[in-house]
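The values are calculated or read from the model by the stated rules, or taken from the named source; none is laboratory data. Remember, it's a predicted structure, so these values are computed and weren't measured experimentally. Cβ coordinates were reconstructed from backbone atoms using ideal geometry, including for glycine residues, and neighbour counts include every protein chain displayed.
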Amino acid sequence: MRGIDQIYIDGQFVTPHGQELFDLYNPATEEKIGQVRLGDELDARAAVAAAKRAFPAFSRTGKAERVPMLRRLHDAVAARAEALAVAMTREYGAPQYFVEFAARRAGSVFLDMAQTLEAFDFTQTIGRAEVTLQPLGVVAAITPWNSNFGFICGKLATAIAAGCTIVIKPIEMSAIQTQVLTEALHEAGLPAGVFNIVNGRGDVVGAELSAHPDVAKVSFTGSTAVGRAIYRAASETMKRVTLELGGKGPNIILEDADLDTAIPTVVFMGFVNSGQACVAGTRILAPRSRMAEILPQLRAAVAAIKVGEASDPTVMVGPMVSQKQYDRVQGYIRLGLQEGAELLVGGEGRPEGLNRGWFVRPTVFTGVSNDMRIAREEIFGPVLCIIPYEAEAIAIANDTTYGLQAYVASSDPAHARRVAEQLESGRVVINGAPHEPLAPFGGFKQSGIGREYGRFGLETHLEARAILA
C-alpha cells in the first residue's frame, strides 16, 4: 500500500500541517491501495506565500529563460510516462487507449506551449500606445480526477509561459498520480516557489485558494456546480478565472452520413474515457427517417463494447472512479426508466462476469425527449441518449445549458461545416477529426469561462498595459 505524506512547497517536499488522512482505492477491484495526508488552509497559505515571493524575479524572465524551462519539464515528464501510466491504471482504471494518450500528452503539452511562446509577441504598438502584456501574478490551479496529471501539466505549462507562478491543488483521489508527476516536475530544476503542489480537499485548500487575496487568477477544471462556487469566491477580490466545466455534447448524425463510419465514431466519442469525460458526445441526435437503420447498428456496436480492467488492451470502458460515482450513474439509469425512456442496450448493475469493481453496463436510451433530465444533466458515465429529429437538429443541439464540445457526422464536408457553424459550442468535431493541441478549448454558456491551450490560453494569464508618450 502506498503512503503519501508530503506536499511540494518552495522547491521542496515538505510534511503538511494538515492531519487528515484520505484513503485511495483501485476502482477495478475496490481494494484500498494507499493513503494520502492532506494539506489544510495553512498549507495553502504557505504555498501562496512561496509563489508570491518567487513571482517578481520570475515575471521578469523572458522567452530565453522560459522556453528552456518548458523543454526541461517536457523531458522530465516524458521520462516518467510509463510510471504515470501505471499509476493512472491502478488508481483510476482507465482503458489502455486513454492511459497511453494521457501519459504521452502530459509531456507534450510543454512542447506545445514552448512553440506558442516562441511565436508570441508580448509587446505591440497600437496607435500611439505601446501595449505590453504582463503576467497576472500567482495562479491557483484546481484539477479533477478524470485526467489529473494531464490537467496539471496543461495549467502549469501555460503559467510558466506567461511568467506567472502557480499553486496547484490536485484532486485528492489521484494522489498517487500526483506524487509521480511531482517527482518528475521537481527534476526539471525550476526556481523555488515557481510551482507548488498541495494535496487537499476542495472545500478546504480549494476554498482557501479561491478566496486568497494574493491569488490573481484561478484556473479550474471540474463540475459546473463547483465552478459557480469558485466564481463567487473569486469575485470578492476580482480574480481572473478560467473555468472549464461540464458538458452534454450533442452528437449529430446528419441524414447524409455513412453509418458504417459514423456509428463507430459516435460510440467512441460517447464512451470515451469510460464516459467520464466532459467532452463526451452523450446526446445522439439521429434523423427520424433513418432510425430503422441506426438503432440496430448502434445496439450491435454498444453490445460489442468490452468492459473490464485496463490490463486487457481490448477493453473500451473501465470502472467508474469511485463508489459514489458508480451510485450516481446507476441512479441516472433508474431515472431514465422512470422518465419513460426505453433501453436500447445496457441497464442497471454490473456487466455480466464482473462481480467486483465499480463497473457500469454501457447503456443507451431511446424514446428520449430533450426535456428529460437524462438528456439535460451531465451523467459522467457510459450512458447515452438517442433523440430523434426531423428538421430541428440544430435547435435541439443548442437547447442546453452547456456548450463545450459537439460532434457532426456527414458524408458531405460542406454540409457538416454549415451545421458546425451554427452550434453553440466551444469546439465542434466533424467526422471524428483528431485533437488539435494549439486550438482554444473551453465552453459556451455554463460549460465555462475563458479558454485553454495555445495562444488563447496564454492570453488568459496576461494583463494588457498601455503606455502613452
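Being part of a helix (DSSP H, G or I) and either among the small types (Gly, Ala, Ser) or more than 21 Å from residue 188 (Cα to Cα) (or both) is the filter here; which residues of the range 49-74 pass it? Steps first, answer last, please.
Of all residues in the range 49-74, those part of a helix (DSSP H, G or I) come to 49-59, 63-74.
Result: 49, 50, 51, 54, 57, 59, 64.
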Does residue 302 count as within 21 Å of the chain's Cα centre (by Cα) and buried (at least 16 other Cβ atoms within 10 Å of the Cβ)?
no
Cβ-Cβ distance below 7 Å, separation of 6 or more or different chains: which pairs start in the range 216-241 with a residue that is in contact (Cβ under 8 Å) with a residue 60 or more places away in the chain and end on one that is of a type in the set (Gly, Ala, Ser) and assigned to a strand (DSSP E or B)?
218/140; 219/141; 227/448; 240/216
Within the range 21-57, restricting attention to residues that are under 25 Å from residue 212 (Cβ atoms) and among the charged types (D, E, K, R), which residue is surrounded by the fewest Cβ atoms within 10 Å (Cβ to Cβ)?
53
Kindly list the number of the only condition in (1) assigned to a loop (DSSP other than H, G, I, E, B); (2) in contact (Cβ under 8 Å) with a residue 24 or more places away in the chain that fails for residue 385.
(1)
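Please work out which residue is farthest from the chain's Cα centre (by Cα), limiting yourself to the range 186-203 and to residues that are of a type in the set (A, V, I, L, M, F, W, C) and over 17 Å from residue 145 (Cα atoms). Let's see the steps before the verdict.
Within the range 186-203, the first condition is being of a type in the set (A, V, I, L, M, F, W, C), and the residues that meet it are 188, 190, 192, 194-195, 197-198.
With the extra rule that they be over 17 Å from residue 145 (Cα atoms), the set shrinks to 188, 190, 192, 194-195.
Working: 188: 24, 190: 25, 192: 27, 194: 23, 195: 20 Å.
Selected residue: 192.
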Got at least one residue in the range 330-340 being within 26 Å of residue 90 (Cα to Cα) and either touching a Ser or Thr at 6+ places or on another chain (Cβ under 6 Å) or not charged (D, E, K, R) (or both)?
yes
Please tell me if residue 85 is in contact (Cβ under 8 Å) with a residue 12 or more places away in the chain, assigned to a loop (DSSP other than H, G, I, E, B), of a type outside the set (Val, Ile, Thr) and farther than 18 Å from residue 199 by Cβ.
no
Given (1) within 18 Å of residue 221 (Cα to Cα); (2) touching a residue at least 60 places away in the same chain (Cβ under 8 Å); (3) assigned to a helix (DSSP H, G or I), number of the condition residue 437 does not satisfy
(3)
Scan the range 416-427 for residues that are closer than 18 Å to residue 256 by Cα and either without any contact (Cβ under 8 Å) to a residue 12 or more places away in the chain or buried (at least 16 other Cβ atoms within 10 Å of the Cβ) (or both) and jot them down.
416, 418, 419, 420, 421
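Mind checking which residues of the range 1-45 are in a loop (DSSP other than H, G, I, E, B) and over 12 Å from residue 200 (Cα atoms)? Quick ask: steps written out before the conclusion?
Let us first name the residues in the range 1-45 that are in a loop (DSSP other than H, G, I, E, B), namely 1, 5-6, 10-11, 15-20, 27-30, 38-40.
Selection gives 1, 10, 11, 15, 27, 28, 29, 30.
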Just one listed residue, out of 121, 203, is surrounded by fewer than 24 Cβ atoms within 10 Å (Cβ to Cβ) and either out of contact with any strand residue (DSSP E or B) (no Cβ under 9 Å at 6 or more places or on another chain) or at pLDDT below 95 (or both), and it is 203
Residue, surrounded by the fewest Cβ atoms within 10 Å (Cβ to Cβ), within the range 389-405, restricted to residues that are of a type in the set (Gly, Ala, Ser) and in contact with a Lys or Arg (Cβ under 9 Å, 6 or more places away or on another chain):
403
Please state which of the following conditions residue 134 fails to meet, knowing it meets all the rest: (1) crowded, with 17+ Cβ neighbours inside 10 Å; (2) under 20 Å from residue 61 (Cβ atoms).
(1)
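Based on what the data block shows, is residue 102 over 28 Å from residue 272 (Cα atoms) and either in a strand (DSSP E or B) or among the aliphatic types (A, V, I, L, M) (or both)? Walk me through it before giving the result.
Working: over 28 Å from residue 272 (Cα atoms): no; either in a strand (DSSP E or B) or among the aliphatic types (A, V, I, L, M) (or both): yes.
Spelling it out, it is not the case that residue 102 is over 28 Å from residue 272 (Cα atoms) and either in a strand (DSSP E or B) or among the aliphatic types (A, V, I, L, M) (or both).
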Yes/no for residue 160 being crowded, with 24+ Cβ neighbours inside 10 Å, farther than 22 Å from residue 100 by Cβ and either basic (Lys, Arg) or modelled with pLDDT of 95 or more (or both)
yes
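When you scan the range 22-74, how many residues do you find that are among the β-branched types (Val, Ile, Thr) and free of Cβ contacts under 8 Å to residues at least 60 places away in the same chain?
Just the residues of the range 22-74 that are among the β-branched types (Val, Ile, Thr), to begin with: 29, 33, 36, 48, 61, 67.
With the extra rule that they be free of Cβ contacts under 8 Å to residues at least 60 places away in the same chain, the set shrinks to 67.
Total satisfying the criteria: 1.
Sort through 260, 256 and tell me the only one that's touching an Asp or Glu at 6+ places or on another chain (Cβ under 9 Å), modelled with pLDDT of 95 or more and acidic (Asp, Glu).
Working: 260 fails: touching an Asp or Glu at 6+ places or on another chain (Cβ under 9 Å).
Answer to the check: 256.
In the range 120-172, what residues are in contact (Cβ under 8 Å) with a residue 12 or more places away in the chain and among the small types (Gly, Ala, Ser)?
As a first pass, look at the range 120-172 and keep what is in contact (Cβ under 8 Å) with a residue 12 or more places away in the chain: 120, 122, 126, 128-172.
Once the filter is applied, which keeps residues that are in contact (Cβ under 8 Å) with a residue 12 or more places away in the chain and among the small types (Gly, Ala, Ser), the range 120-172 yields 129, 137, 140, 141, 147, 150, 154, 157, 159, 161, 162, 163.
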Scanning for something in a loop (DSSP other than H, G, I, E, B), farther than 30 Å from residue 417 by Cβ and without any contact (Cβ under 8 Å) to a residue 24 or more places away in the chain, does the range 317-338 turn up at least one residue?
no
Tell me the residue from 383, 364, 368, 408 that is more than 26 Å from residue 324 (Cα to Cα) and crowded, with 22+ Cβ neighbours inside 10 Å, please.
408
Consider residue 443 carefully, then state whether it is closer than 19 Å to residue 219 by Cβ, modelled with pLDDT of 95 or more and outside any helix (DSSP H, G or I).
yes
Across (1) closer than 15 Å to residue 284 by Cβ; (2) assigned to a loop (DSSP other than H, G, I, E, B), residue 371 clears everything bar (1)
Count of residues meeting criterion [among the polar types (S, T, N, Q) and in a loop (DSSP other than H, G, I, E, B)] in the range 131-190:
3
